[in-house]
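One structure is given below, represented as structure tokens, and several questions about it will come after.
The values are calculated or read from the model by the stated rules, or taken from the named source; none is laboratory data. Keep in mind the model is a prediction, meaning the values are calculated, not measured. Here the Cβ positions follow ideal geometry from the backbone for every residue, glycine too, while neighbour counts run over all protein chains shown. Surface areas here come from the heavy atoms of the whole protein model, side chains and all, with no ligands, DNA or RNA. Shrake-Rupley method; radii C 1.70, N 1.55, O 1.52, S 1.80 Å.
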Amino acid sequence: MHCGYHLTTSIVAPPLLSLPYAFTFLGWTAGILSLVIGALVTFYSYNLISRVLEHHAQMGMRQLRFRDMARDILGTSCAHFICQLFILLYELY
């Protein structure tokens, strides 16, 4: 639930601020179509992450944060460095 919340807010919230600007260039038809495509991509990625989390929970390795998921995917030594790198890049952007 926690990962899904962060995924949804990070993908959906920033583009909502630029919707009026995008609609002026795209028009109503292309604007609504791109909005629907973005919603479908968000739903699909949330669905994939929830399936992975459920699978790991059934195996007894419950993941509560993205950091836990990165540790399982990348290993303990590399996960901390890559997570810190992404946080730094996000802050610089």
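Please list, by residue number, every one of the trypsin sites (Lys or Arg not before Pro) in region 25-93 that is coil in DSSP and has at most 12 other beta-carbon atoms within 10 Å.
The qualifying sites are Arg62, Arg65.
Can you give me the % of accessible surface on region 41-93 that is carbon or sulfur? Probe 1.4 Å, all protein chains present, nothing else counted.
Answer for region 41-93: carbon and sulfur cover 64 percent of the accessible area.
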